[in-house]
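J.: What follows is a structure written as structure tokens; I'll ask about it next.
The values are calculated or read from the model by the stated rules, or taken from the named source; none is laboratory data. Because the structure is predicted, anything quoted here is derived from the model rather than measured. Don't worry about glycine lacking a Cβ; one is built from the backbone with ideal geometry, like all the others, and counts go over all protein chains shown. Heads up: the accessible areas ignore ligands, DNA and RNA and are worked out on the full protein's heavy atoms, side chains in. Shrake-Rupley method; radii C 1.70, N 1.55, O 1.52, S 1.80 Å.
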Amino acid sequence: MWNSQLECLARTDLEQLQLTRLVQTVQRTYDRVPFYRKAFDDAGVRPDSIKTLADLSRLPFTRKSDLRDNYPFGLFSEPLSNVSRLHASSGTKGKPTVVGYTKGDIQVWAEVVARSLAAAGARPGDIIHNSYGYGLFTGGLGLHYGAENLGATVVPASGGRTQQQILLLQDFKARVLCSTPSYALNIALTLQELGVPRDSINLEIGIFGAEPWTEEFRVQIESLLKINALDIYGLSEVMGPGVSMECLQGRNGLHIWEDHFLPEIIDPKTGQSLPYGEEGELVFTTLTKEAIPVLRYRTGDVSKLTIERCPCGRSMVRMARVRARLDDMLIIRGVNLFPSEIEKVLLQIEELAPNYQLVLERKRALDTLEVQVEITEQLLGRWGTFDDGHVELSALTERIQFLFKDGLGLTAEVTLLKPKSIARSEGKAVRVIDRRKENT
Ligand code: DLL
């Protein structure tokens, strides 16, 4: 354990620490950020009326749109002269959201990422191959500083140039791979295609996150790469990677580093806090952030919390693997579902590779879904050729459609593709292609 004193802190002491830090954060935001001052005044909440952790629920929420509306630096609580780094989200759905870090913030970040790496079984002296993108995305530098803090040797590979990354994995003998799960799959499939023997690489641990992935995906990656694959979570608005991490002993939920990030689960419709064990939207309040603290930030991520003891001995609450993002919910002919539910079905079918895409279209005011998925190299080898008239192709398509209907109540068109038809991920995978706007 990287910091057993804090990671195993008795709950009463932890809650006391959280309260002290919450009060400071509330006062800091009220005094320094006009947006928060107005939000407090509008809600009729005085900062000095926050006396217990339960008072948290009286504070107003912060949303991604608030960061965008105050673009770029409007929610900062420090002058830029004290901000030593900026990161931003990709901004594919509008203006990017910009976040800043003081030197102190970067130290805290390196601490929580070092804890996360150690929880996954990484050790000082390890070689850590970091394929998260470097740049405005928080993944690359976030893992980088944490790995250096741990005392590891980092290979700052970033995303892409997969064949070269494989050479580096073979020659430098990294024990730990940090990447998105979809990029890890890309590496695994490229290894197979190049005929690289598994024992020419030394990987034992994968630290995968930044996008939703299912337990079924984990099983596939673990068996392809012969490693332990563990889940790391985070978001730029709260810090970046290392807000929470699954531990090697428990492998069942991610410990939230609660001395820095105060979690809640709320009902996304009513905003009411939900008890442990109930699924809802994950909300975070930062407790130590200096440059851009956030109060009750609505992540849009669906999860639940548990306080049950973990075999690793850490006292910090765990969040369940993120099931989906609320805005990724699909509504197909009256059936509501998340892409991860489709992934679960697809990955149970041996003949299919874990490469898929969901294409949404609008035809005569109805939303339709086409599931495009690759068959495995092994199946192609058995079939010899791949053509539309292949009898087994239509039998397999029907079987998948039946499983969708039976398990999810979903009617979807299924298109089977040859291996390597879908562009391989180099960072966050693009799973959903929404053509509905083009059709209206
Ligand atoms: O993705 C930070 C990160 C980098 C996390 C590297 C883990 C590893 P953003 O680009 O701001 O930050 O995207 C944050 O990604 O709200 C989730 O929807 C999703 N996400 C992050 N980690 C996971 C995960 C980084 N382990 C958004 N499982 C979050 C599922 C995840 N979704």
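J.: Could you calculate the FRET efficiency of Glu278 with Cys8 from 1/(1 + (r/R0)^6), where r is the beta carbon distance between them and R0 is 30 Å, rounded to 0.05? Working shown, then result.
T.: Numbers: r = 26 Å, r/R0 = 0.87.
With R0 = 30 Å, the Cβ-Cβ based efficiency is 0.70.
J.: Excluding ligands, DNA and RNA, what is the solvent-accessible area per residue of the chain at a probe of 1.4 Å, expressed in Å²?
T.: Numbers: 19050 Å² over 440 residues.
With the other protein chains kept in place, the chain gives 43 Å² per residue.
J.: Using the basic label-point model (7 angstrom from Cα toward the beta carbon), what is the Ser81 to Leu167 distance in nanometres?
T.: That separation, rounded to one decimal, is 4.8 nm.
J.: Looking at segment 1-324, send over the antiparallel percent of its DSSP beta bridges, to the nearest 5.
T.: Among the beta bridges of segment 1-324, antiparallel pairing accounts for roughly 65 percent.
J.: In debye, nearest 20: dipole of the chain around its Cα centre with unit charges on the Cβ of K, R (+) and D, E (-)? Don't skip to the end; give the middle numbers.
T.: Details: 52 positive and 56 negative charges, 171 e Å.
In total the dipole reaches around 820 debye.
J.: Output the antiparallel fraction of DSSP beta bridges having both residues in segment 165-301, as a percent to the nearest 5. Intermediate values should be presented prior to the final figure.
T.: Details: 16 of 25 bridges.
For segment 165-301, the DSSP antiparallel bridge percentage is about 65.
J.: Follow-up question, since we're still on this one. Name the long-range amide H neighbours of Gly240: under 5 Å, sequence gap of 5 or more, or other chain; modelled H, no Pro or chain starts.
T.: Amide H neighbours of Gly240: Leu235.
J.: Right, something else. What number in nm² do you get for segment 329-439 if you take the convex hull of its Cα atoms and divide its surface by four? Before the final figure, lay out the partial values.
T.: Working: hull surface 30.0 nm².
The Cα convex hull of segment 329-439, projected and averaged over all directions, gives 7.5 nm².
J.: Between Thr153 and Leu248, what FRET efficiency follows from the Cβ-Cβ distance if R0 is 22 Å, with the result rounded to 0.05? Working shown, then result.
T.: Details: r = 20 Å, r/R0 = 0.93.
After rounding, the FRET efficiency stands at 0.60.
J.: Moving on. On the protein heavy atoms, probe 1.4 angstrom, tell me the percent of accessible surface of segment 50-115 carried by carbon and sulfur.
T.: On the way: 1650 of 3030 Å².
That share works out to 55 percent.
J.: In the structure shown, do any of Lys103/Lys173; Lys38/Lys64; Lys304/Lys420; Lys95/Lys418 have a Cα-Cα gap over 25 Å, and if so which? Could you put the intermediate results ahead of the total?
T.: Values: Lys103/Lys173 32 Å; Lys38/Lys64 17 Å; Lys304/Lys420 36 Å; Lys95/Lys418 37 Å.
Violating the 25 Å Cα-Cα cut-off are Lys103/Lys173; Lys304/Lys420; Lys95/Lys418.
J.: Rank Thr20, Ala110, Leu86 by how far each Cα sits towards the positive end of the charge dipole of segment 1-324 (+1 on Lys, Arg Cβ; -1 on Asp, Glu Cβ) and give me just the farthest.
T.: So the residue we want is Leu86.
J.: Right, next: Once you order the gyration tensor axes a ≥ b ≥ c over the Cα atoms, which shape class does segment 185-335 get: rounded for a/c under 1.5, otherwise prolate or oblate by comparing a/b with b/c?
T.: Details: a/c = 2.01, a/b = 1.55, b/c = 1.29.
In terms of gyration-tensor shape, prolate.
J.: Here's another thing I want to ask about it. Relative to the first principal axis of the alpha-carbon coordinates of the chain, what is the inclination of helix 34-43, with its axis defined by its Cα atoms, in degrees from 0 to 90 and to the nearest 10?
T.: Once rounded, one gets 80 degrees.
J.: If each of Glu392 and Lys418 carries a label point 7 Å out from its Cα toward its Cβ, how far apart are those two points in nm?
T.: Result: 1.7 nm between the two label points.
J.: With point charges of +1 on the Cβ of Lys and Arg and -1 on the Cβ of Asp and Glu, referenced to the Cα centre of the chain, which listed residue (Gly146, Phe338, Gly121) lies farthest in the positive direction of the dipole?
T.: Among Gly146, Phe338, Gly121, the one farthest towards the positive end of the dipole of the chain is Gly146.
J.: Go through segment 1-66 and name the trypsin sites (Lys or Arg not before Pro) that are in a DSSP coil and have 16 or fewer other Cβ atoms within 10 Å of their Cβ. Kindly include the intermediate steps, with their values, before the conclusion.
T.: Numbers: sites: Arg11, Arg21, Arg28, Arg32, Arg37, Lys38, Lys51, Arg58, Arg63, Lys64; in loops: Lys51, Arg63.
Counting only loop positions with at most 16 other Cβ atoms within 10 Å, the trypsin sites (Lys or Arg not before Pro) in segment 1-66 are Lys51, Arg63.
J.: Moving on to the next point. Please give the length that would be gained between Val219 and Arg46 if that part of the chain were fully extended, namely 0.36 nm times their separation in residues minus their C-alpha to C-alpha distance (nm, one decimal).
T.: Values: separation 173, 0.36 × 173 = 62.28 nm, distance 4.96 nm.
Working it through step by step, the gained length comes to 57.3 nm.
J.: If you build the Cα gyration tensor of the chain and take the root of 5 times each eigenvalue, what three semi-axes come out, in whole angstrom, biggest first?
T.: Numbers: eigenvalues 289, 146, 76 Å².
Listed largest to smallest, the semi-axes of the chain are 38, 27, 20 Å.
J.: While we're on this one: Set the Förster distance to 41 Å, then compute FRET efficiency between Arg364 and Ser65 from the Cβ-Cβ distance, nearest 0.05. All intermediate terms of the calculation are to be shown ahead of the outcome.
T.: Details: r = 32 Å, r/R0 = 0.79.
Plugging the Cβ-Cβ distance into 1/(1 + (r/R0)^6) gives 0.80.
J.: Could I ask something else about it? As I understand it, the value is the acute angle between the Cα axis of helix 11-32 and the longest principal axis of the Cα atoms of the chain; what does it come to in degrees, rounded to 10?
T.: 80 degrees
J.: Also: May I ask you to list the residues of segment 229-249 whose amide nitrogen lies under 14 Å from a point 7 Å from Cα along the Cα→beta-carbon direction of Met1?
T.: Under cut-off, by backbone N: 247-249.
J.: Which angle between 0 and 90 degrees, to the nearest 10, do you get for helix 215-225 versus the longest principal axis of the chain when only C-alpha atoms count?
T.: Here the helix axis deviates by roughly 70 degrees.
J.: Relative to the Cα centre, what is the charge dipole magnitude of segment 97-252, using +1 at the beta carbon of each Lys and Arg, -1 at the beta carbon of each Asp and Glu, and rounding to the nearest 20 debye?
T.: Around 280 debye, computed over segment 97-252.
J.: In nm, give the distance between the simple-model label positions of Ser200 and Asp267, each being 7 Å from the Cα along the Cα-to-Cβ direction.
T.: 5.8 nm
J.: With unit charges on the beta carbon (Lys/Arg positive, Asp/Glu negative), name the residue among Gln401, Ile433, Phe386 whose Cα is farthest towards the positive pole of the charge dipole of segment 329-439.
T.: Farthest along the dipole direction, towards plus: Ile433.
J.: Another question, if that's okay. Net charge near Ile342, counting Lys/Arg +1 and Asp/Glu -1 over other residues with Cβ under 14 Å of its Cβ? Numbers along the way, then the final one.
T.: Numbers: positive: Arg323, Lys344, Lys405, Arg431; negative: Glu216, Asp328, Glu341, Glu343, Glu370, Asp406, Glu413.
That works out to -3.
J.: Rounded to the nearest 500, what is the 222 nm mean residue ellipticity of the chain from helices alone, with -39500 (n - 2.57) per DSSP H run of 4+ residues and division by all residues? Could you put the intermediate results ahead of the total?
T.: On the way: 13 runs with 146 residues, N = 440.
After summing the helix terms and dividing by the residues of the chain, the value is -10000 deg cm²/dmol.
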